[in-house]
1. Just to confirm the number: angle between the C-alpha axis of helix 3-19 and the first principal axis of the chain, 0 to 90 degrees, nearest 10?
2. Please give the net charge around TYR169, taking every other residue with its beta carbon less than 14 angstrom from that of TYR169, where Lys and Arg add +1 and Asp and Glu add -1.
3. Rounded to the nearest 0.05, what FRET efficiency do THR181 and GLN108 give with R0 = 30 Å and r taken as the Cβ-Cβ distance? Could you check?
4. Each residue of the stretch 164-171 in turn: what ³J(HN,Hα) in whole Hz from Karplus with 6.51, -1.76, 1.60 and θ = phi - 60°, glycine and Pro shown as x?
5. First measure r as the distance between the Cβ atoms of ALA89 and ALA190, then evaluate 1/(1 + (r/R0)^6) with R0 = 41 Å and state the FRET efficiency to the nearest 0.05.
6. What full-extension length gain, to one decimal in nm, is calculated for GLU32 and SER67 as 0.36 nm per residue of separation minus the Cα-Cα distance?
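Every read-out reported here was derived from the displayed coordinates using simple, explicitly stated rules and does not represent laboratory data. A quick note: this is a predicted structure, and the numbers were derived from the prediction, not measured. Cβ placement follows ideal geometry from the backbone for every residue including glycine, while neighbour counts extend to all protein chains displayed.
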Amino acid sequence: MNKVLKGTIAAGAAVALFGGGAGSLAYWQASESTDELTLQMGHVQLMEGAKTYYLNGDEVTYETLNSYDSRLVPGDVVTYNHRFGIDVATGADTVLNVADLEFENTPQFVLDAIETDLTVSVVEEWSENLTFSATNEARSFNVSGRGLVEVTVTVAVPADHADSETMVYGISLKPLPVTLTQVAEPLPDAVG
């Protein structure tokens, strides 16, 4: 048999064997896997809480306070407390902002005659894990942790107010927006 023919037959047999898998090249392999990974997402929550109303230190309902029979006279003081629950995930920084008092449908001379105040404070007995500090911005507070804050609005008619014409008009306070916003870093604390 011719050498070329023998070589061609041998090459064809080799292709048939290796191509068919009979003598294929195998790679070694081993495998493992990672552990399951469960992550908890952080959160920032602001929840509306209890509201209380006081007229001259006595608790009243909103309906009583807003009725015709509860007209304010010189010396009267109305206090409105509204609590908010705060829950900020560990490691998050937030700022609590409370808008300024804004009145509607109230003549300026009435606003000039009354005294108003707005405060924001921590409800201590429910806030052992709440960090709360005033910032250098009005009505803004750095907040972290969990607890309760209370927004208090006071409206007073001075006892020496003698202009009865002023008191025939109502006083209408708009709702105060209260927001809790996550920030990259806390605002500078208030100075003084």
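1. Once rounded, one gets 30 degrees.
2. Net of charged neighbours comes to -3.
3. 0.40
4. 5, 5, 4, 7, 7, 9, x, 10
5. According to the calculation, E is roughly 0.95.
6. Value of the extension gain: 5.2 nm.
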